[in-house]
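Down below is the structure, laid out as structure tokens.
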Amino acid sequence: MDLTIFIVKSIIILAVFGISLLIATYSTYVERKVAAFMQDRIGPDRAGPWGLLQPIADAGKMFFKEDFIPAQASKWLFILGPALAMLTALMSSAVIPFGDSIRFDNYDIPVQGIEINIGVLYIFGVVSLGVYGIMVGGWASNNKFSLLGAIRAASQNISYEVALGLSIIAILMMSGSLSVRAIVEQQAEAGFLGWNVFTQPLGFIIFLTCAFAECNRTPFDLPECETELVGGYHTEYSSMKLGFYLFAEYINMFVSSAFISSLYFGGYHYPFMEQISNALTNSLGAVTGHNVATAIGTAAFFGKIFFFIFFFMWVRWTVPRFRYDQLMNLGWKILIPLSVLNIIVSASGLLFNGMKYASWLIVIVATVLAIMSNSRAPKGQVSPQRS
Amino acid sequence: MKPIEIVFYVLTGITLLSAITVVTARNPIHSVLALIATFFCLSGHYILMNAQFLAAVNIIVYAGAIMVLFLFTIMFLNLRREDEESKTNLTKMAAVVVGGILMVTMLLVFRAVQLPAVNEGNFDARTGLVEQLGIMLYSDYLLPFELASVLLLVAMVGAVMLGKREAGDRHF
């Protein structure tokens, strides 16, 4: 019956929506805890046990602050900016497969918002729209710092989107499908060593770097660089509008972690999934066993997501911010040529009796070159910056 | 009315409204934002025609990349209304004449054309999907496809040539 599928789908979509919000909320708390841990502090511990109610206290504070709109600002666009940022951040989690499928009676419903055969393109479309929230808000504030922050964000996002798209093409060539679920299933079939991070190490590094840039996270957080631009694009924002901007960043972080996990780390696949799933179906019956196996897979997927969210925070407190010309050089002169090279080498490997591990060739050559150039450089002397 | 028809009419209404706003908006930024909304609605129409790939690519290329650059340029230029000096009476009259001719042409074309009736029997729902599109492009339309790629390459080289800094140029 269609109604059952509709209801289950609605529940899944609402759950995905709620979980995105919940994880984003607690990412703010975890970020402060991780920062405190890295800097040998305690971090928030007043609101609730271990400070667990801190995000709620923060949200309450945000709501009760004065909602200020600058006199010369373009009022509707000023409101539209954070709304767009939030909308695009929430839209992208729709196509991520969170688990295999839920089975009851004779229905088999995938744990996913929508399954479309252009999932990867959908995510690219939504990501490329994400910049409008920042641009519209930054322009509507009628403040030079905001405008500069918005312009920086836009040019950074456009530049890194190119490398992001190119780094994925190698995966698309291997899987032959644009659907995220198909890519995950293909990795599940290939087993642990068939995960795309092992077949596409270079593509993974490029993708990870670009994901940091797309989320405006350190070391690429130049749009909100305090030392140069006050607060960047959200200088003029206050109250929950500011909250939306900050919140959208955390949702983006969650979605890109989920996307990295499903494209490169096998999604809901984990080692020995076949055997465990078979054992469960044998002992618990076909329906319950399958559902329990799905739940384990989903848990594994969330474990991967949490690791990458932690990784985002780890990098934030480890690597300092780039200079803007360094950022552009890295994007256009290093990442894009490397990803084109990656496409060519992977394609040749695939044509040459379907060898999937050809990308390692570039990684090995690059490592050897780096070690050689490093050992030749005179010690204790930094090579001068050319630009 | 079927639900799909309601969706179609609502979408068409929004499309036309935002397309008109593009022309009538006083502020160039509003105009660009309306144009983005128009592209969005066009993608919606593509999805209604089951051309998912075209819809996604339309959003990525037009709404996501080209319009960002439009918005970018206009934000930097910060256009004011007193800057619009180019519209003399002569250009206005020329625009009216050209627009009128275009309208007459289109009316004549639409009166003359015979729309083929939709045959639901041999309708293939998978026509607009990626696989079908790829097979078509790389088999039946290989030459036009390759020619278009050469054209795009030439445009790219031209853009790099234009943007390239000469030896003695200043940075800005």
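The values are calculated or read from the model by the stated rules, or taken from the named source; none is laboratory data. If you're wondering where the values come from, they're calculated on a predicted model, not measured in any experiment. Reconstructed Cβ throughout: ideal geometry from the backbone, glycine too, with neighbour counts over all protein chains shown. The accessibility values were calculated without ligands, DNA or RNA, using every heavy atom of the protein model including side chains. Shrake-Rupley method; radii C 1.70, N 1.55, O 1.52, S 1.80 Å.
Right, A:ILE116: assigned to a loop (DSSP other than H, G, I, E, B) and at the interface with another protein chain (Cβ under 10 Å from one of its Cβ atoms) or not? Don't jump to the end; show me each part of the working.
Details: assigned to a loop (DSSP other than H, G, I, E, B): yes; at the interface with another protein chain (Cβ under 10 Å from one of its Cβ atoms): yes.
Here the answer is yes, as A:ILE116 does meet what is asked.
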Scanning the stretch A:49-70 residue by residue, the ones that are farther than 27 Å from A:GLY137 by Cα and either open to solvent by less than 40 Å² (accessible area, probe 1.4 Å) or acidic (Asp, Glu) (or both) total 2
Filtering the stretch A:28-48 down to residues that are touching a residue at least 60 places away in the same chain (Cβ under 8 Å), open to solvent by less than 70 Å² (accessible area, probe 1.4 Å) and assigned to a loop (DSSP other than H, G, I, E, B) yields none
Matching residues in the stretch A:352-379 - criterion: being open to solvent by 50 Å² or more (accessible area, probe 1.4 Å) and under 19 Å from A:ILE168 (Cβ atoms): A:LYS356, A:TYR357, A:TRP360
Every listed condition ((1) in a helix (DSSP H, G or I); (2) outside the structural domain of B:SER18 (by TED's automatic domain parsing)) holds for B:ILE47 save (2)
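Any residue at all in the stretch B:17-31 that is of a type outside the set (Ser, Thr, Tyr), touching a Gly at 6+ places or on another chain (Cβ under 9 Å) and surrounded by 17 or more Cβ atoms within 10 Å (Cβ to Cβ)?
Residues of the stretch B:17-31 that are of a type outside the set (Ser, Thr, Tyr), as a first pass: B:17, B:19-20, B:22-23, B:25-30.
Checking the rest, the ones that are also touching a Gly at 6+ places or on another chain (Cβ under 9 Å) come to none.
Within the stretch B:17-31 (the criterion being of a type outside the set (Ser, Thr, Tyr), touching a Gly at 6+ places or on another chain (Cβ under 9 Å) and surrounded by 17 or more Cβ atoms within 10 Å (Cβ to Cβ)), the answer is no, since none of the residues qualifies.
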Is there a residue being closer than 28 Å to A:LEU338 by Cβ, free of Cβ contacts under 8 Å to residues at least 40 places away in the same chain and open to solvent by 40 Å² or more (accessible area, probe 1.4 Å) anywhere in the stretch A:96-109? no
Looking only at the stretch A:187-207, filter to residues that are open to solvent by less than 60 Å² (accessible area, probe 1.4 Å) and of a type outside the set (A, V, I, L, M, F, W, C); which one of those is nearest to A:ILE334 (Cα to Cα)? A:GLY203
Kindly check whether there is at least one residue in the stretch A:150-159 that is surrounded by fewer than 22 Cβ atoms within 10 Å (Cβ to Cβ) and more than 21 Å from the chain's Cα centre (by Cα). yes
Hey, any hits in the stretch B:4-16 for a residue that's touching a Cys at 6+ places or on another chain (Cβ under 6 Å), open to solvent by 50 Å² or more (accessible area, probe 1.4 Å) and more than 14 Å from chain A (Cβ to nearest Cβ)? yes
Test: A:ILE276 is hydrophobic (A, V, I, L, M, F, W, C), within 27 Å of A:SER93 (Cβ to Cβ) and open to solvent by 60 Å² or more (accessible area, probe 1.4 Å): yes
Note on A:LEU77: of the conditions (1) without any contact (Cβ under 8 Å) to a residue 12 or more places away in the chain; (2) within 14 Å of chain B (Cβ to nearest Cβ), unmet is (1)
Which of the residues spanning the stretch B:105-143 are charged (D, E, K, R) and either in a helix (DSSP H, G or I) or open to solvent by less than 80 Å² (accessible area, probe 1.4 Å) (or both)? B:ARG111, B:ASP124, B:GLU131
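Return yes or no: is A:PHE212 within 14 Å of another protein chain (Cβ to nearest Cβ), of a type outside the set (Asp, Glu) and either in a helix (DSSP H, G or I) or out of contact with any His (no Cβ under 9 Å at 6 or more places or on another chain) (or both)?
Values: within 14 Å of another protein chain (Cβ to nearest Cβ): no; of a type outside the set (Asp, Glu): yes; either in a helix (DSSP H, G or I) or out of contact with any His (no Cβ under 9 Å at 6 or more places or on another chain) (or both): yes.
Taking the combined requirement at face value, the residue does not satisfy it.
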If you scan the stretch A:119-135, which residues turn out to be within 11 Å of another protein chain (Cβ to nearest Cβ) and of a type outside the set (A, V, I, L, M)? A:GLY119, A:TYR122, A:PHE124, A:GLY125, A:SER128, A:GLY130, A:TYR132
